[in-house]
Amino acid sequence: MSDIDQYAVFGSPIKHSKSPRIHKLFAEQTNQALQYSAELVPAEQFEQRVKAFFAQGGRGLNCTVPLKELAWTYADQLTERAELSKAVNTLALQEDGSILGDNTDGIGLVTDLMDNHAIGLKQKKILILGAGGASRGIIGPLLDQQPQLITVANRTVAKAKILAQEFSHKGTINGCGYDELTGQSFDLILNATSASLSDELPPLAAGLLAEQGSCYDLAYANKATTFVRWAREQQAEKSLDGLGMLVEQAAEAFYLWRGVRPKTEELIQQLEAERGE
Ligand code: NDP
């Protein structure tokens, strides 16, 4: 391997990942010499490919769908937020040769909501749609901001209930099915399902969004996602997608690896401008 520090994102599919571009721009901005590539790694090859990457001098990895749970199992040590979320999106080589696993998705979301979009979370009623890996990553950092409550709604109701149970020591959180939401309203609705990826929408009752409430789709696309379109129909104060979260979680991973925090504002603006809406 070359003398330049090597980083990569592993996942499947991976072709459309924006992470190599984001980390290249972070490296230029902070004068760090590193290379960052995107590699197609299916789950069955995960362990062997990670071992080979670090054995050949790799310094850090991002892991995306479908590898986050495997990365959680692989890491020698876990940060507290990764431990709780049972999913790892960032692996970092430590000085003693061990591998640290972190989850920067949640802090990426919270930073985008609070710092970039001035959406306060304290004492707010938050609804999370979906109970998969992304929900696991965001619940802890959201509860740290002391919302009034978090409700997790999921198609497979048992998964929402289990998730709520796992995080119940950190704040008021409950799990339910979509039909149980009727009559309730929330200040912030987060779509953490993968429904947007297939242009679908979870079954959402009218009146779910409180007046002046906002909506955020963790998924992102070049045009408005199905959920963002729904949010606009509900006259949400803000109808956002997950591009900012993507950049912010990358910045947090970059900080873990390099000890330097890149600036994100201009890069988010640049990526926003490139997607034609
Ligand atoms: P998972 O596969 O782990 O979970 C998918 C979730 O979506 C499950 O709760 C599933 O419900 C639900 N779901 C899927 N299709 C539908 C549907 N048609 N109607 C209702 N619910 C549905 O995915 P992840 O949690 O890893 O990812 C979720 C989303 O978050 C993806 O769009 C991903 O791109 C995005 N994401 C964005 C990030 C960013 O940086 N912006 C970071 C991480 C994720 P069930 O349990 O019933 O199957």
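Side notes on the structure shown:
- GluC sites (Glu not before Pro) within the range 77-153: DSSP coil, no more than 11 neighbouring Cβ in 10 Å: E95
- Under the shape rule built on the C-alpha gyration tensor, where the axes satisfy a ≥ b ≥ c, the range 117-226 is rounded, since a/c falls short of 1.5.
- Alpha carbon convex hull of the chain, volume per residue in cubic angstrom: 124
- For the range 57-195, convex hull of alpha carbons as volume per residue, Å³: 118
- Antiparallel DSSP beta bridges within the chain, as percent of all bridges there, nearest 5: 15
- Per-peptide average of other Cβ atoms within 10 Å, ordering 261-271, 152-162 highest first: 152-162, 261-271
- Apolar share of the accessible surface for the chain: 47 percent from carbon plus sulfur atoms, 1.4 Å probe.
- With all protein chains modelled, accessible area of V65 [1.4 Å, Å²]: 90
- Per-pair calculated FRET efficiency, R0 = 25 Å: N116 and N222 via Cβ, rounded to 0.05: 0.80
- Full extension of the chain between S37 and R275 gives 83.5 nm of extra length, using 0.36 nm per residue less the Cα-Cα distance.
- Spin-label pair Q165-Q234: with each label point 7 Å from Cα along the Cα-Cβ axis, the two points sit 2.8 nm from one another.
- Its alpha carbons give the range 37-85 an Rg and a Dmax of 11.0, 30 Å.
- Taking the square roots of five times each eigenvalue of the Cα gyration tensor of the range 156-277, the equivalent ellipsoid has semi-axes of 28, 21, 13 Å, listed largest first.
- Estimated distance in nm for a label pair at E180 and R21, the labels positioned 7 Å out from Cα along Cα-to-Cβ: 4.1
- Near I162, once Lys and Arg are set to +1 and Asp and Glu to -1 for all other residues with Cβ below 13 Å from its Cβ, the sum equals +3.
- Cα-based radius of gyration of the range 214-275 once divided by 2.2 N^0.38 Å, which approximates compact folds: 1.28
- The residues of the chain have, on average, 48 Å² of accessible surface per residue, using a 1.4 Å probe with all protein chains present.
The values are calculated or read from the model by the stated rules, or taken from the named source; none is laboratory data. Just so it is clear, the structure is predicted and the values come from calculations on it, not from any experiment. Using ideal geometry, Cβ is built from the backbone for each residue, glycine included, and neighbour counts are taken over all protein chains shown. Remember, those area values only see protein heavy atoms, side chains included, never the ligands or the DNA or RNA. Shrake-Rupley method; radii C 1.70, N 1.55, O 1.52, S 1.80 Å.
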